[in-house]
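Taking it in order: structure first as structure tokens, then the write-up.
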Amino acid sequence: MLNRLLDENKIKELRKLLETCDNIVITSHIAPDGDAIGSSLGLAGVLNAIGKTVKVITPDMPPRNLMFLPGAKEIVVYSKYSEFAEKLIHDADLIFALDYNDLKRIDKVGDAVASATAPKVMIDHHLMPSDFVDVKISHPEVSSTSMLVFRVLCRLELFPYIDKNVAACIFTGMMTDTGNFSYNSNDPDLYVVISELLKKGINKDAIYSKVYNSNTADRLRLNGYAIAQKMKVYENYRGALITLTRDELNSFHYQKGDTESLVNMPLSVPELVFSFFLREENDYIKVSSRSKGNFPVNKICEDHFNGGGHKNAAGGEFFGSMDDAIARFEQVIPDYLHLIEDCK
Ligand code: 5GP
Ligand code: MN
């Protein structure tokens with residue numbers, strides 16, 4: 001049995017909304033990850049099974065290593081099919097917002113969602129959820145939105161509709177948002193849910209392999225280069241910074257997702273407490289950061305890089321040159337060093 005977590009009133013409201021709707025749209029965040037895709041496809045699978053028409057919309061393409069998930073090929077990608085996506089959102093009679101806390105996280109899809117008349121339901125685990133929804137199921141203490149979706153489905157008495165395909169989607173989100181159960185993963189309920197998903201017939205070892213053993217030779221070389229040549233360790237700060245320019249990325253035939261876990265690597269050094277990665281995009285610098293313990297990288301991203309996120313995993317954007325972004329990083333980090341506690 002899972003500990004009771006969700007507010008009964010919200011479940012009641014959601015149940016009522018589901019009774020009266022036929023056309024459902026599920027939206028998730030830009031650069032969708034395993035949790036965004038897993039939670040969306042998992043929820044879509046069950047809603048389909050109870051007879052609803054469901055479309056999943058993402059602002060841009062899901063990464064290649066998630067395309068094996070059941071339903072991934074039917075996702076409507078806004079950057080490719082914007083008019084179709086806008087029509088779906090306009091015509092929907094219920095809209096879900098999964099794995100994001102603010103409309104700015106869904107980029108241009110946000111305008112369509114904001115102007116849609118359908119009721120909106122958030123299921124999310126990011127801090128500081130904003131107020132664009134009618135039903136807000138927000139639990140930052142839960143490690144993944146996929147796990148929250150599982151809980152919501154159980155409380156709606158839809159557990160029997162979770163089949164092997166839905167279970168695979170939910171498991172993928174739980175696995176990727178905890179780094180294969182290596183952080184945010186001490187909640188005993190996590191393993192209760194995994195046990196239930198295994199009973200639905202998933203092959204967790206195969207899912208792991210499909211998600212994580214998906215390197216290309218170029219990708220391996222790019223990551224090797226980044227660590228060997230472009231990782232600066234600030235021993236006094238107990239932090240590291242990795243930077244990659246457009247030219248460097250191009251020389252390794254960079255494809256989206258190729259640097260997915262790079263920012264985590266410096267944290268495998270016990271002495272290091274935080275890690276930043278700056279990747280040059282066409283018109284801005286994408287910032288990605290990770291930390292251990294109480295060091296709040298989301299605060300640094302909020303204060304200086306137009307972003308935010310979780311305490312230990314955050315990101316943002318810098319509008320300027322790579323050199324300026326590095327200078328900004330080096331200039332502001334000393335202001336936060338007092339927040340480093342012993343993280344071992
Ligand atoms: P990643 O480093 O994997 O791209 O992002 C890690 C986390 O940081 C995401 O789950 C999200 O919560 C947050 N994040 C990443 N980029 C941004 C951004 O541009 N703005 C905000 N507000 N959060 C971001
Ligand atoms: Mn998530």
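Take Ile89 and tell me if it is of a type in the set (A, V, I, L, M) and closer than 27 Å to Lys200 by Cβ. Before the answer, list the steps.
Values: of a type in the set (A, V, I, L, M): yes; closer than 27 Å to Lys200 by Cβ: no.
No; evaluated as a whole, the condition is false for this residue.
What is the residue count in the stretch 41-69 for residues that are charged (D, E, K, R) and assigned to a helix (DSSP H, G or I)?
1
Has the stretch 19-31 got at least one residue that is touching a residue at least 60 places away in the same chain (Cβ under 8 Å), in a helix (DSSP H, G or I) and among the hydrophobic types (A, V, I, L, M, F, W, C)?
Looking for residues that are touching a residue at least 60 places away in the same chain (Cβ under 8 Å), in a helix (DSSP H, G or I) and among the hydrophobic types (A, V, I, L, M, F, W, C), one finds none in the stretch 19-31, hence no.
Report, by residue number, each residue of the stretch 138-149 that is within 18 Å of Leu41 (Cα to Cα) and more than 14 Å from ligand 1 (Cβ to nearest atom).
Across the stretch 138-149, the qualifying residues are Met147, Leu148, Val149.
Wholly within the stretch 100-182, which helices (runs of 4 or more DSSP H) include no fewer than the required count, namely at least 1 residues that are within 16 Å of ligand 2 (Cβ to nearest atom), small (Gly, Ala, Ser) and crowded, with 16+ Cβ neighbours inside 10 Å? Break it down into steps so the answer makes sense when it comes.
Details: elements: 109-115, 145-155, 164-176.
Answer list for the stretch 100-182: 145-155, 164-176.
Within the stretch 302-328, track down each residue that is part of a helix (DSSP H, G or I) and either buried (at least 22 other Cβ atoms within 10 Å of the Cβ) or aromatic (Phe, Trp, Tyr) (or both).
Of the stretch 302-328, the ones part of a helix (DSSP H, G or I) are 302-304, 322-328.
Within the stretch 302-328, Ala325 is the sole residue that qualifies.
To keep it simple, each residue is scored yes or no on (1) more than 16 Å from ligand 2 (Cβ to nearest atom); (2) of a type outside the set (A, V, I, L, M, F, W, C).
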position	(1), (2)
Asn9	yes, yes
Lys12	yes, yes
Leu18	yes, no
Ala31	no, no
Ser39	no, yes
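For Ser195, state whether it is part of a helix (DSSP H, G or I), among the hydroxyl-bearing types (Ser, Thr, Tyr) and out of contact with any Phe, Trp or Tyr (no Cβ under 7 Å at 6 or more places or on another chain). Before the answer, list the steps.
Details: part of a helix (DSSP H, G or I): yes; among the hydroxyl-bearing types (Ser, Thr, Tyr): yes; out of contact with any Phe, Trp or Tyr (no Cβ under 7 Å at 6 or more places or on another chain): yes.
In short, yes.
Tell me whether the stretch 1-13 contains one or more residues that are under 23 Å from the mean Cα position of the chain (by Cα) and not in a helix (DSSP H, G or I).
Yes, there is a match, as at least one residue in the stretch 1-13 is under 23 Å from the mean Cα position of the chain (by Cα) and not in a helix (DSSP H, G or I).
Taking the stretch 289-344 as the search range and keeping residues that are basic (Lys, Arg) and within 16 Å of ligand 2 (Cβ to nearest atom), which one is modelled with the lowest pLDDT?
Going through the stretch 289-344, the residues basic (Lys, Arg) turn out to be 290, 292, 299, 311, 328, 344.
Still in the list and also within 16 Å of ligand 2 (Cβ to nearest atom): 290, 311.
Details: Arg290: 96, Lys311: 90.
Ranking the candidates gives Lys311 first.
Would you pick out the residues in the stretch 225-280 that are aliphatic (A, V, I, L, M), in a helix (DSSP H, G or I) and crowded, with 16+ Cβ neighbours inside 10 Å? First the steps, then the outcome.
Kept after step one, since they are aliphatic (A, V, I, L, M), are these residues of the stretch 225-280: 226-228, 231, 233, 240-242, 244, 249, 262-263, 265, 267, 269, 272-273, 278.
From what is left, the residues that are in a helix (DSSP H, G or I) are 226-228, 249, 262-263, 265, 267.
Ala226, Leu249, Leu262, Val263, Met265, Leu267, listed by residue number.
The values are calculated or read from the model by the stated rules, or taken from the named source; none is laboratory data. The structure presented is a predicted model; accordingly, all values stated were derived computationally and were not measured. Every residue, glycine among them, receives a Cβ derived from its backbone with ideal geometry; neighbour counts consider all protein chains shown.
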